[in-house]
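The values are calculated or read from the model by the stated rules, or taken from the named source; none is laboratory data. In this text, all values refer to a predicted model and were calculated from it rather than measured experimentally. FYI the Cβ positions are ideal-geometry reconstructions off the backbone, even for glycines, and counts take in every protein chain you see. Side chains are part of the model used for accessible areas, which takes the heavy atoms of the whole protein and leaves out ligands, DNA and RNA. Shrake-Rupley method; radii C 1.70, N 1.55, O 1.52, S 1.80 Å.
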Amino acid sequence: VAKLRAIKTQQVSPVLRRLSVSYLFLVTALFKLKQRWLIKAASWLLWRSYVPSTRGGFRRAVGDIATAIFILPGAAAGALVRLAMWATGTKPSPMLAQLLAA
C-alpha cells in the first residue's frame, strides 16, 4: 500500500472531483440496469477530452472544462440516484462509500 501511495497521480480540481463522484453513482446504476452500451459511449467521449498532466497547463485546463461540461448532466442524474438511494435506505457500494468519505 505504501508503494502505491508513493506514486504521483494526476490531481483534479475539487469541482471536477465532486462531479465525477456524482457521475459514478449514475454509472453504477447503469451497470445494474445493464446499459453497458451507454457507458461505453460515455467512456469513449471522456477519453477524447482527457489531457494528461504532462501536457501544458492551458491545454489541460481546456480538457478539464470539456470533461466537466460533458459529465455535468450525468452528475446531476447521479445526484438524483444518490438521493433516491438515501431516501430508500440503500447503502452505496464500498467503492462509492470510500469516495464519499474522502
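Worth pointing out:
- Evaluated at q = 0.24 Å⁻¹: base-10 log I(q)/I(0), Debye formula over Cα of the chain: -1.32
- Of the residues LEU24, PRO73, TRP86, the one whose Cα sits farthest towards the positive end of the charge dipole of segment 16-102 is LEU24 (charges of +1 on Lys and Arg Cβ, -1 on Asp and Glu Cβ, taken about the Cα centre).
- Normalised per residue, the accessible area of the chain is 77 Å², obtained with a 1.4 Å probe and no contribution from ligands, DNA or RNA.
- Rounded Å value of the spacing that divides the Cα centres of segment 61-102 and segment 1-44: 9 Å
- Dipole magnitude (debye, nearest 20) for the chain, charges at Cβ of Lys, Arg, Asp, Glu: 300 debye
- Accessible area in the full protein assembly, largest first, 1.4 Å probe, for PHE70, PHE25: PHE70, PHE25
- VAL12 contributes an accessible area of around 70 Å² to the protein surface, as traced by a 1.4 Å probe with all chains present.
- Take 26-34, 94-102 and order them by the average number of nearby Cβ atoms within 10 Å per residue, most first; the result is 26-34, 94-102.
- Heavy-atom accessible surface of the chain: percent carbon and sulfur, 1.4 Å: 69 percent
- Prolate/oblate/rounded label for segment 9-67 (Cα gyration tensor, a/c 1.5): prolate
- Taking all protein chains together and a 1.4 Å probe, the residues LEU46, LEU16 rank LEU46, LEU16 from largest to smallest accessible area.
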